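Undergrad: Take this structure, written in structure tokens, and hold onto it; I'll ask about it next.
The values are calculated or read from the model by the stated rules, or taken from the named source; none is laboratory data. Predicted model only: the values in this text are computed from it and were never measured. Neighbour counts are summed over all protein chains in view; Cβ atoms, including those assigned to glycine, are modelled from backbone coordinates with ideal geometry.
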Amino acid sequence: MAKIKNVSPLGDLIIPSLDIEVKAGAIIEVSDEAAASLLAQTDNWAAADKAAVSVTPATTEIGE
């Protein structure tokens, strides 16, 4: 499991595949597979723990 943060300039985001809404700035815990997919959207998601960093593209860092 990995923690990711909603950093979208659009605010709250809905993840239809997980059937959840994530508030702006919120951190959620998702499977490594879901984290890898979401973290590819660098304008919307950032890694929030070391587990997420391991599945993140090299350009995303904790606290970004």
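Undergrad: Would you check which residues across region 35-64 are exposed (fewer than 14 other Cβ atoms within 10 Å of the Cβ), more than 17 Å from GLY25 (Cβ to Cβ) and at pLDDT 80 or above and list them?
TA: ALA40, LYS50 - these are the residues of region 35-64 that are exposed (fewer than 14 other Cβ atoms within 10 Å of the Cβ), more than 17 Å from GLY25 (Cβ to Cβ) and at pLDDT 80 or above.
Undergrad: Quick one: what pairs do we get from region 9-20, first residue within 12 Å of LEU38 (Cβ to Cβ), second of a type in the set (S, T, N, Q) and surrounded by 10 or more Cβ atoms within 10 Å (Cβ to Cβ), C-beta under 6 Å, 6+ apart or different chains?
TA: Close Cβ pairs (under 6 Å, with a partner that is of a type in the set (S, T, N, Q) and surrounded by 10 or more Cβ atoms within 10 Å (Cβ to Cβ)) amount to LEU13/ASN6.
Undergrad: Can you pull out every residue in region 21-54 that is of a type in the set (Lys, Arg) and either in contact (Cβ under 8 Å) with a residue 40 or more places away in the chain or in contact with a Lys or Arg (Cβ under 7 Å, 6 or more places away or on another chain) (or both)?
TA: The answer is none; no residue qualifies.
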